[in-house]
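Trainee: Once you've had a glance at the structure underneath, I'll fire off some questions.
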Amino acid sequence: MCGIVGYIGEKQAAPKLMEGLTKLEYRGYDSAGIAVYNEGRIQLEKAEGRLQVLKDLTHNGEDVQGVIGIGHTRWATHGAPSDVNAHPHCNKDKTISIVHNGIIENYQQLRKALQEKGYEFQSETDSEVVVQLIDYYYEGDLVEAMNKVMTRIEGSYAIAAIATKNPDQIVAVRKDCPLVIGPSKEGNFIASDVTALLKYTRDVYFIEDNEIVSVTKDKIEILNRDLEPIKKELTTIGWDVSAAEKGGYPHFMFKEIAEQPKAFKDTVNPRIRDGKIVIDEVHLSEEEIKNLKKIYLIGCGSAYHAGVVGKYVIENMNRIPVEVDLASEFRYRNPIFEENSIVIVISQSGETADTLAALREAKKNGIRTLAIVNVVGSSIARDADDVIYTWAGPEIAVATTKAYSTQLSALYLLSMYFGQVRGNISTEEEQKLISELETIPEKMSKILENEEKIQYFASKYVGAKDIFFIGRGVDYAASLEGSLKLKEISYIHSEAYAAGELKHGTISLIEDGTLVIALLTQEHLYPKMISNMVELKARGAYVLAVTNESNKEVEKTADFVFYVPDTASLFAPSLAALPLQLFAYYVAVGKGCDVDKPRNLAKSVTVE
């Protein structure tokens, strides 16, 4: 959530800031602004609403002169969306300006203390205390002032600042919020996400917590809290700029749905060698894997749903107890860690605040940690003991599709790897599973070739008020994600239920014409699911079945059937996900919703 971009060089800054902010729109925001230094003053332009409002106001930045500036897209936390609450914020005489991602937890105490010293506040935000504090400590050295501010503020933050008395410098710091620095031939950039920089550079510095960065047009200096220089290696990003563009697709979400076969293949294939699963990134010894007593899977949203699938898969293959936790709840229930256990955290961005906090809680208790993330160099990737990267490439749409698919593939690989080391999977079964795993991308492509069938069906439910998803076993886990996709982007009320729970209350919600989407990919559970579908139809439900191609019997019960290719039962969620994603997408498009940037949501939730 929120986005930061900064530029210093010899070219006009504002158009570059606009360009960078455009690349960060996917993070979620409700206002935008820029601050640019020029000829002794800081020009501030900001506006509530979409970035296009700001672009129109400034003719895409062309009206704002100057070669150093900072920009921001804000997702409101403290204070409603408005021009005043939008970033950047300035001190009273507009000689200092800042942008801030995160939350200043002690802002009320700081605000009160500053007001007692005569400082006046214009906004309702927590962020404004930062610029007022800088003003309080500033004596001509912006780095020194920022360092002092860091001793006073509590919470999470990435901050960038400019000052009229330091006209050739941007100073930035971070704690628990992402910040990258990108040197380029066009000048030097800062950003909260590498996607903002890809047009100009793929070489970046990932800034760590409590590091201070001073950026001029010719120099990038990274300092510790003692203001001593730090040597840091450049990281080269493998994505190119085209990977973060729509490429002719109507929406990023549709493009990313279509990219799932490749993303799955890119994540799986390098880890299959000579008929074996080889995960070089996991440095557990064979003895440690054999001695594992418990596995914790932790995530938020879709990553949590991937974890629910992972529980079924790992327990089935390895007979190890698996506990799945919402990251936002994990610390607060005072978890009991067992000896010889491992915590596996799952995050697309690698910056999810709650997930990062859960990871650190595990490490504080001496528990081994493993991260499944998509972003190289992200906070979670750096903090975890081991990392399995999911090679999905940049995912721009807020509602995840291909990142979720690659998280599933990583969990399959990890489960099979543990299984072969522990001897829970026979050589014959292992070869069969590996062969089947390698066919998943082709089967995904086959589903996508038939997407018009889902589009036709979705067109009939654009006006739906309530839609329910049901499944048993791993199908229940898959239905959780299907329901989330629909509610995220179409704003239709949707719930997922374990089919066996229908008679424990849920069935009272079924009325004539209520759509229920039933997942049936587990052959041994077909009879139970058919019984549930019959019960629903008797109460007026219209049932869409998503099932295996071999399950033709379902046509006797379901009103509409979408078939997915047969596969190993535990891999079925990877195929079932696609028609559910497509259904959500086409319903949302039919309603005229902003598919890529749904209201109130952010791509990377970097605050708790």
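The values are calculated or read from the model by the stated rules, or taken from the named source; none is laboratory data. In this text, all values refer to a predicted model and were calculated from it rather than measured experimentally. Here the Cβ is made from the backbone with ideal geometry for all residues, glycine too, and neighbour counts use every protein chain on show. For the accessible areas, the whole protein counts, side chains as well, though only heavy atoms, and no ligand, DNA or RNA atoms are used. Shrake-Rupley method; radii C 1.70, N 1.55, O 1.52, S 1.80 Å.
Trainee: Could you let me know the centre-to-centre spacing of segment 430-503 and segment 96-160, using Cα atoms, in angstrom?
Mentor: 46 Å
Trainee: So if R0 is 22 Å, what FRET efficiency would LYS185 and ILE230 give, r being the distance between their Cβ atoms, rounded to the nearest 0.05?
Mentor: 0.35
Trainee: Shifting gears a bit: Grab the alpha carbons of segment 364-456, take their convex hull, and tell me the volume per residue in Å³.
Mentor: Output value, Cα hull per residue: 149 Å³.
Trainee: Which of rounded, prolate or oblate describes segment 463-522 when judged by the alpha-carbon gyration tensor and an a/c cut-off of 1.5?
Mentor: Here segment 463-522 falls in the oblate category.
Trainee: Identify the chymotrypsin sites (Phe, Trp or Tyr not before Pro) of segment 487-570 meeting these criteria: DSSP loop state and at most 14 other C-beta atoms within 10 Å of the C-beta.
Mentor: Listed in order of number, the matching sites amount to none.
Trainee: Another one. Provide, in order from the shortest bin, the percent of all Cα-Cα pairs of segment 241-382 in each 5 Å bin, continuing until the bin that contains the maximum pair distance.
Mentor: That works out to 2, 9, 15, 20, 20, 16, 9, 6, 3, 1, 0, in percent per bin.
Trainee: On to the next question. Could you state the principal axis extents of the C-alpha atoms in segment 43-193, from the largest down, to the nearest angstrom?
Mentor: 40, 32, 30
Trainee: Can you tell me the length gained on complete extension of the stretch ASP466 to ASN316, counting 0.36 nm per residue apart and subtracting the Cα distance?
Mentor: Here the answer is 50.7 nm.
Trainee: Please tell me which of these pairs span more than 31 angstrom C-alpha to C-alpha: LYS232/LYS597; LYS175/LYS199; LYS46/LYS217?
Mentor: Exceeds cut-off: LYS232/LYS597.
Trainee: Then there is this: Please compute the modelled spin-label separation between SER508 and SER531, points set 7 Å along Cα→Cβ, answer in nm with one decimal.
Mentor: Placing both labels 7 Å beyond Cα along the Cβ direction yields 2.3 nm.
Trainee: Here's a follow-up. Going by the alpha-carbon gyration tensor, a ≥ b ≥ c the square roots of its eigenvalues, is segment 111-156 rounded (a/c under 1.5) or, if a/c is not under 1.5, prolate (a/b greater than b/c) versus oblate?
Mentor: Oblate is the answer for segment 111-156, as a/c is 1.5 or above yet b/c matches or exceeds a/b.
Trainee: Follow-up question, since we're still on this one. Return the tail of the calculated pair distribution for the chain, meaning the percent of Cα-Cα pairs more than 37 Å apart.
Mentor: Considering the chain, 37 percent of its Cα-Cα pairs are separated by more than 37 Å.
Trainee: How are the Cα pair distances of segment 36-124 distributed, in percent, across 5 Å bins from 0?
Mentor: All Cα pairs considered, the percentages come to 3, 12, 20, 24, 20, 12, 6, 3, 0.
Trainee: So if each residue of separation counts as 0.36 nm, and I subtract the Cα-Cα distance between LYS556 and LYS293, what length gain in nm does that give?
Mentor: Answer, rounded to one decimal: 90.2 nm.
Trainee: If you take the beta carbon distance between GLU116 and ALA568 as r and set R0 to 51 Å, what does 1/(1 + (r/R0)^6) give as a FRET efficiency, to the nearest 0.05?
Mentor: About 0.15, to the nearest 0.05.
Trainee: Taking only the alpha-carbon atoms of segment 507-556, what semi-axes of the equivalent ellipsoid follow from 5 times the gyration tensor eigenvalues under a square root, in whole Å, largest first?
Mentor: 20, 10, 8
Trainee: Between ASP168 and TYR332, how high is the FRET efficiency from 1/(1 + (r/R0)^6) when r is the Cβ-Cβ distance and R₀ = 41 Å? Nearest 0.05.
Mentor: E between ASP168 and TYR332, to the nearest 0.05, is 0.35.
Trainee: Enumerate the helices in the chain for which the Kyte-Doolittle hydropathy averages -0.5 or more and the C-alpha atoms extend at least 27 Å along the helix's axis, using complete DSSP H runs.
Mentor: 402-422, 572-591
Trainee: Which value does Rg/Rh take for segment 520-608 over its C-alpha atoms, Rh per Kirkwood?
Mentor: That ratio is 1.08, to two decimals.
Trainee: Still on this structure, please answer the following. At a Cα cut-off below 22 Å, give the lysines reachable from LYS262, other chains included and same-chain residues fewer than 8 away excluded.
Mentor: LYS246, LYS276, LYS402, LYS432, LYS443, LYS446, LYS485, LYS603
Trainee: At a 1.4 Å probe radius, carbon and sulfur cover how many percent of the accessible area of the chain?
Mentor: Ligands and nucleic acids excluded, carbon and sulfur reach 46 percent.
Trainee: Taking all pairs of different Cα atoms in segment 363-408, averaging 1/r and flipping that mean, what Kirkwood radius in angstroms comes out?
Mentor: In segment 363-408 this quantity evaluates to 11.5 Å.
Trainee: I've got another one for you. How large is log10 I(q)/I(0) at q = 0.14, 0.17 Å⁻¹ when the Debye formula is applied to the Cα atoms of segment 118-189, each weighted equally and without solvent?
Mentor: Ignoring solvent entirely, the Cα scatterers give -0.49, -0.71.
Trainee: What distance in nm separates the simple spin-label points at GLU105 and ASP83, each placed 7 Å from Cα in the Cβ direction?
Mentor: Once both label points are built, they end up 3.6 nm from each other.
Trainee: Next up: Per q in 0.13 1/Å, what log10 I(q)/I(0) does a Debye calculation on the alpha-carbon atoms of segment 179-254 return?
Mentor: Normalising to I(0) and taking log10 leaves -0.45.
Trainee: Over segment 460-608, what lengths in whole Å, largest first, do the semi-axes of the equivalent ellipsoid take, defined as the square roots of 5 times the eigenvalues of the alpha-carbon gyration tensor?
Mentor: The answer is 25, 18, 15 Å, longest axis first.
Trainee: For segment 1-84, what does the alpha-carbon gyration tensor say about shape, rounded, prolate or oblate, given a ≥ b ≥ c as the root eigenvalues, a/c under 1.5 as rounded, and a/b over b/c as prolate?
Mentor: Prolate, because a/c is 1.5 or more and a/b exceeds b/c.
Trainee: Please work out how much length the chain gains when fully extended from TYR456 to LYS11, using 0.36 nm per residue of separation minus the C-alpha to C-alpha distance, in nm with one decimal.
Mentor: Once the chain is fully extended between TYR456 and LYS11, it gains 155.2 nm.
Trainee: A further question follows. Against the globular-protein guess of 2.2 N^0.38 Å, express the Cα radius of gyration of segment 212-306 as a ratio, rounded to two decimals.
Mentor: Dividing the Cα Rg of segment 212-306 by 2.2 N^0.38 Å gives 1.68.
Trainee: List, in order, the whole-Hz ³J(HN,Hα) value for each residue of segment 91-103 obtained from phi through the Karplus relation with A = 6.51, B = -1.76, C = 1.60 and θ = phi - 60°; use x for Gly and Pro.
Mentor: Listing the rounded values in order: 6, 4, 8, 6, 9, 9, 9, 9, 10, 8, 9, x, 9 Hz.
Trainee: Which value at 222 nm does the chain reach when only helices count, each DSSP H run of 4 or more adding -39,500 (n - 2.57), with the total divided by all residues and rounded to the nearest 500 deg cm²/dmol?
Mentor: Here the helix-only value at 222 nm equals -11000 deg cm²/dmol.
Trainee: Next question. Could you order peptides 223-232, 587-596, 54-63 by the average number of other Cβ atoms within 10 Å of their residues, highest first?
Mentor: 587-596, 54-63, 223-232
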